[in-house]
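Following: one structure in structure tokens, then a few remarks.
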């Protein structure tokens, strides 16, 4: 039973963080057909901004998180107005944007390296202490991560499902042409989607660095995991990505517990290979991607 | 009721350097029913896409309600009152029928009336009311076409352009769709209809525009068209 609780808590924590960055990736793919390779770097910057705001500027913890989220929004908008706006209507966008965002990621990563150095800082957005549940020590920070992530996901789901903006985002993803003909300002929607995904990435960066450490390259691992989850769920399938994120979080936590931490990632990759052989369009078998 | 509602002046357009439309000039008076006919692949759809701003004009201008549309984006042109029901079934496949229709009332100018408009569309297409909570991708071909036209009706607008509403449908469904189109004429809506099957629209249309090879080869009233035997033989199959 202890083992079960242990795996459940770390699985949920991992899953919650994965889910946040996966939603961000999936949203952007779903609406723009854009694989955002700079997603990891956005996450890194989110982590560092929260660190800088709390440590250097003396912001309270919560405000540090909000500052990181706000920076994510600004970076998302900057990405649209500085780069994507000039590319998305041209041929070869889907490939070109991968190259462009890889370059952007390198740039952002090196700016972080230049500004903060490679020293592994501790993320100050963390709650000390914990409690015992059936002889298992559960840090409060894990609950904070699960709570914040689930809260953000519920908010995103509500936005997509129940607001005029959300309906326009889904419409744009399902048929750009029909959306235009219904009067949806598609370009503005793209900018808003990138802002939203920047926000989600930055928050997930704060969460992630709070249980590991800050490092300029910290975004790669979650980006890779977000890809794995997207592949398993089918790219662009936001709801599927949520289930897959929590499932894979549990799976990884289980493998780490029984076989050792170093087997966690190889086991995930093995799972993806099997999943792709079995269901090339994702386990939810949605042939048509880009559906929000 | 002075100038025409829509006017095209020497419009040229195409896709990626390949020119499709050459020197198109036409006028659509308010309250008229105009049908554009002509062989497939000769620019009828391109013409509608030009008017609604989905493809840019390379030359000429489109004037709607005395204002040029040349530099407006498609979403801005809808706001001016041109509603385009595109060819094929361009619906939102993963949304419910209801949400698809509500997207038609996305513009702030109509969104307040969305419920009233929804009731109106349900009255015209009772099938869409029955299926309101169904996901659009599960609809039949005819139902999708109704949804597509219904969504256009939700937007209201002053000019409704419908691209080949009968394309790929069973004859009985085509009859249903054309009953609705005939009602538009009774309501004195301004309609531009693209149709390959010219015999269907002869009695509906006030004016016929014949497009071949990206050019207007003939335009006038339907009865006048029937007197031009060479045109009837070439384009309407005798």
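What follows draws every value from the coordinates through simple rules; no lab data is involved. If you're wondering where the values come from, they're calculated on a predicted model, not measured in any experiment. Note that each Cβ is placed from the backbone with ideal geometry, even for glycine, and that neighbours are counted across all protein chains shown.
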Enter the mean number of other protein chain beta carbons within 10 Å of the beta carbon of each residue in A:206-219, as an integer. 0
Pairwise centroid distance, computed over Cα atoms, of the range A:99-118 with the range B:13-88, Å: 46 Å
If you count, for every residue in B:79-87, the Cβ atoms of partner chains within 10 Å of its Cβ, what is the mean? 2
Arrange B:224, B:30, B:195, B:230 by Cβ neighbour counts within 10 Å, fewest through most, would you? B:230, B:224, B:30, B:195
Could you state the orientation-averaged shadow area of the convex hull built on the Cα atoms of the range A:121-266, in nm² to one decimal? 10.8 nm²
Sorted by packing (mean other beta-carbon atoms within 10 Å per residue), highest first, where do B:182-188, A:239-245 land? A:239-245, B:182-188
Using only the Cα atoms of the range B:1-138, what do you get for the radius of gyration and for Dmax, in Å? 17.1, 46
Cα centroid separation, the range A:69-84 to the range B:128-181 (Å): 40 Å
Over the whole of B:107-114, what's the average partner chain Cβ count within 10 Å per residue? Rounded to a whole number, please. 1
D (µm²/s, integer) via Stokes-Einstein for the range B:1-69, Kirkwood Rh across alpha-carbon pairs, 37 °C, 0.692 mPa s: value 263 µm²/s
Over the Cα atoms of the protein assembly as shown, what radius of gyration and what Dmax do you get, in Å? 27.7, 95
List, largest first, the extents of the alpha carbons of the range A:33-151 along their principal axes, each in whole Å. 58, 33, 23
Relative contact order of chain B, please, whole-number percent, based on alpha carbon pairs below 8 angstrom and at least 6 residues apart. 27 percent
Residue-span extension gain [residue A:265 to residue A:8] - 0.36 nm each, minus C-alpha spacing: 90.7 nm
Let me check the size of chain A from its C-alpha atoms; what are the radius of gyration and Dmax in Å? 18.7, 60
Taking the mean number of other Cβ atoms within 10 Å as a proxy for protection, how do you rank A:213-219, A:11-17 from highest to lowest? A:11-17, A:213-219
Over 25 Å, how big is the tail of the calculated P(r) for chain B, in percent of all Cα pairs? 41 percent
If you split all Cα-Cα distances of the range B:107-238 into 10 Å bins from zero, what percentages do you get per bin, shortest first? 10, 37, 32, 15, 5, 0
For an R0 of 25 angstrom, estimate the FRET efficiency from the Cβ-Cβ distance between residue B:140 and residue B:182 and round to the nearest 0.05. 0.65
Distance (nanometres) between label positions extended 7 Å along Cα→Cβ at residue B:123 and residue B:230: 5.0 nm
Can you compute the FRET efficiency between residue A:56 and residue B:158 using 1/(1 + (r/R0)^6), with r the Cβ-Cβ distance and R0 = 45 Å? Round to the nearest 0.05. 0.15
Among DSSP beta bridges whose residues both lie in the protein assembly as shown, state the antiparallel percentage, nearest 5. 60 percent
I need A:212, A:172 ordered by Cβ neighbour count within 10 Å, fewest first. A:212, A:172
Neighbour-count order for B:166, A:149, fewest beta carbons within 10 angstrom listed first: B:166, A:149
Residue A:272 label point, 7 Å along Cα→Cβ, cut-off 15 Å on backbone N: hits in the range A:1-20? A:18-19
